[in-house]
Structures are given as C-alpha cells and as structure tokens.
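Asker: Here it is: the structure, laid out below.
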Amino acid sequence: MTLAPGQTVGGYQILEQIGRGGMATVFKAYQTGLQRFVAIKALPAFYAEDPAFRERFLAPHMFDPLTSSPEQFAEFLKSETRKWGKVIRDANLKAD
C-alpha cells in the first residue's frame with residue numbers, strides 16, 4: 001500500500017511525509033480515535049511482502065504482529081518511538 005497526504009488508513013489521517021530512508025518513509029499523521037498526532041513508518045510493498053526482509057526487520061524487536069502478545073506490541077512501539085525520536089523532533093512533532 002502506498003500512503004499519501006489526505007488518505008485515511010486504519011483510523012490515521014495521513015498529513016505529510018516527514019522523512020525517507022533506505023527502508024521506509026515516515027509520515028506525520030493524526031490518530032482520530034485518540035485525537036493525537038503520530039509518526040507512521042511505511043515500508044515499500046516489495047519489502048513488506050518479502051519474508052526474509054520481514055524476519056530481519058522484525059527480529060530486533062522480537063515482535064511479529066500475527067503472533068505477539070499485547071505486551072510485546074507495547075515494547076515494539078516503545079522501541080520504534082526511541083528509534084524515530086530524531087525524525088519526530090526534527091519535524092517538530094510531539095510524541096505522546
């Protein structure tokens with residue numbers, strides 16, 4: 001799936017692209033359910049669909065969205081927030 005400003009996906013309204021790297025693009029979004037701004041990292045489809053890449057990408061977090069517990073998901077989110085903290089700060093976003 002390709003994200004674009006103005007699009008709404010899973011309760012998140014995509015506002016703007018704020019970063020891009022070798023593996024992902026980061027967007028500023030608004031989470032309508034919790035009424036807060038967030039950063040969303042989107043992988044290109046060719047990475048997301050590659051089982052080897054998916055395993056390598058998720059391995060450092062010990063998280064697989066299909067089999068992990070809520071506690072593992074929470075830890076994954078914390079690690080992603082730390083990792084992308086600089087992007088969030090540089091874009092003048094507030095991380096909740």
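The values are calculated or read from the model by the stated rules, or taken from the named source; none is laboratory data. Fair warning: this is a prediction, and the values are worked out from it, not measured in the lab. Heads up, the Cβs are rebuilt from the backbone with ideal geometry, glycines too, and the neighbour counts pull from every protein chain shown.
Asker: Provide a single number: the residues in the range 1-53 that are touching a helix residue (DSSP H, G or I) at 6+ places or on another chain (Cβ under 9 Å) and of a type in the set (Ser, Thr, Tyr).
Answerer: So the count comes out to 2.
Asker: Continuing with the same structure: Among the residues of the range 13-32, which ones are of a type in the set (Ser, Thr, Tyr) and either more than 25 Å from residue 53 (Cα to Cα) or modelled with pLDDT of 95 or more (or both)? Please lay out each step first, then the result.
Answerer: Step one: filter the range 13-32 for residues of a type in the set (Ser, Thr, Tyr), giving 25, 30, 32.
Scanning the range 13-32 gives 30, 32.
Asker: What are the pairs, 6+ residues apart or on separate chains, where a residue within the range 6-30 that is outside any strand (DSSP E or B) has its Cβ under 8 Å from a residue that is surrounded by fewer than 11 Cβ atoms within 10 Å (Cβ to Cβ)?
Answerer: Short answer, once both residue conditions are applied: 11/33.
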